[in-house]
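See structure below.
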Amino acid sequence: MLIFAASDKGGTGRSVTSANLAYHRALAGDDVCYLDFDFGSPTAAAVFDVADARQDTEDRGLHAYLIGEVSEPARIDVWSETEHQVLRFPPPGSGRLVLMPGDVSGGEFATGDENLRRCVDLLMTLYYEFDLVVVDLSAGRSYAVDMVLEATAQPEMSEVTARWLVFHRWTRQHVGAAASLVFGRRGIVAGGVDRGHDEEALRNSIRFVRAAVPDPESPLWSQVSPTQSAWMRKTDDDLKQLASNLGIGYSQVLGSVPLEPVLQWREQLITDEDVLDSEIANQDTWTALSGLAKRLTDDESWEQA
């Protein structure tokens, strides 16, 4: 299965959340490949703690491959190349976790016939090699989004299962931006239909993920004043109504990740050691990521309400 991770804005938690989902699926035994298609600002290597390996593969990343400078993009085995000591020892039964990094000196580029053909070839190859392929796309209505919409509309990819996750933070601006990215006049749905996608099928393949969602009932906010507490609850209710009005209410949400201090200050994979041993991360975060990872391929979670 292909999973495309998109967002209208940067700073939504798209990359760090989708990387954590890939990690959880690999822990569960799936062979997972993570593609950094954020050509303007590829950061996945830092999330997986393989920064040195990324430097070693510079000029052989996805940008170099797609523009025809190399015949095969670099691959990084996360388990063996990471500098994160916990990740160096995955539990028995874990699947492969492979990162295809972006190029440090890369950038956005318009899609031509040759770029498109390389993209299709890559996605098709990985689709049959791995159980799950996560493609982290540049934010907004980017060339990367255009490219994969065009690629998945090609006849040879008609039988390939592809799903979209659209990430947004729990704020008024982010909710509106996420809805516009998908349903706007030049959004994903309209862009996909223009390229030959069936509108209903494309709509059914898109779900939203809310990241860094504060819980007004959490002990984290127990010290705020009664006035602040009442304001938080009203704001949360207003956002729920706004999301519903814009077509991204609960029936369109695959899951949410709570506000997590570790992810606010250091974008990283959350391991069980972070939760159980060092206790720097919250159990609620681990549970949310684990549940969301399972729902990626759970057909019932993608059925229309």
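Tabulated values for the structure
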| item | result |
| --- | --- |
| Solvent exposure ordering (accessible area, 1.4 Å, most first) of R186, R14 | R186, R14 |
| With eigenvalues of the C-alpha gyration tensor scaled by 5 and rooted, the stretch 1-134, Å | 23, 16, 15 |
| Distance in nm between pseudo-label sites at A201 and R163 (7 Å out along the Cβ direction from Cα) | 1.7 nm |
| Ellipticity estimate at 222 nm from DSSP helix runs (n ≥ 4, -39,500 (n - 2.57)) divided over the chain, nearest 500 | -12000 deg cm²/dmol |
| Long-range Cα-Cα pairs in the stretch 78-182 (distance over 19 Å), rounded percent | 59 percent |
| Span from the the stretch 262-288 Cα centroid across to the the stretch 58-120 one, whole angstrom | 25 Å |
| Simple spin-label estimate for E273 and S80 in nanometres, 7 Å along Cα-Cβ | 2.0 nm |
| Compactness of the chain as Cα Rg over 2.2 N^0.38 Å, two decimals | 0.98 |
| Table column - 3J(HN,Hα) (Hz), the stretch 14-22, Karplus curve with 6.51, -1.76, 1.60, x for Gly and Pro | 4, 5, 5, 6, 5, 5, 5, 5, 4 |
| Separation of the Q283 and Y128 label points, Cα + 7 Å toward Cβ, nm | 4.6 nm |
| Projected-area mean, the stretch 139-242, by convex hull of Cα positions, square nanometres | 7.9 nm² |
| Carbon/sulfur fraction of accessible area - the stretch 39-197, other protein chains in place, 1.4 Å, % | 46 percent |
| Global size of the stretch 1-46 as Cα Rg and Dmax, reported in angstrom | 11.0, 32 |
| Amide hydrogen neighbours beyond the local backbone of F4, cut-off 5 Å, H modeled | V135, R163, W164, L165 |
| The chain: relative contact order in percent, alpha carbon pairs under 8 Å with at least 6 residues between | 24 percent |
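The values are calculated or read from the model by the stated rules, or taken from the named source; none is laboratory data. Keep in mind that what you see is a predicted model, and the values were worked out from it rather than measured. Note that we place each Cβ from the backbone using ideal geometry, even for glycine, and neighbour counts take in every protein chain shown. With ligands, DNA and RNA removed, areas are computed over all heavy atoms of the protein, side chains included. Shrake-Rupley method; radii C 1.70, N 1.55, O 1.52, S 1.80 Å.
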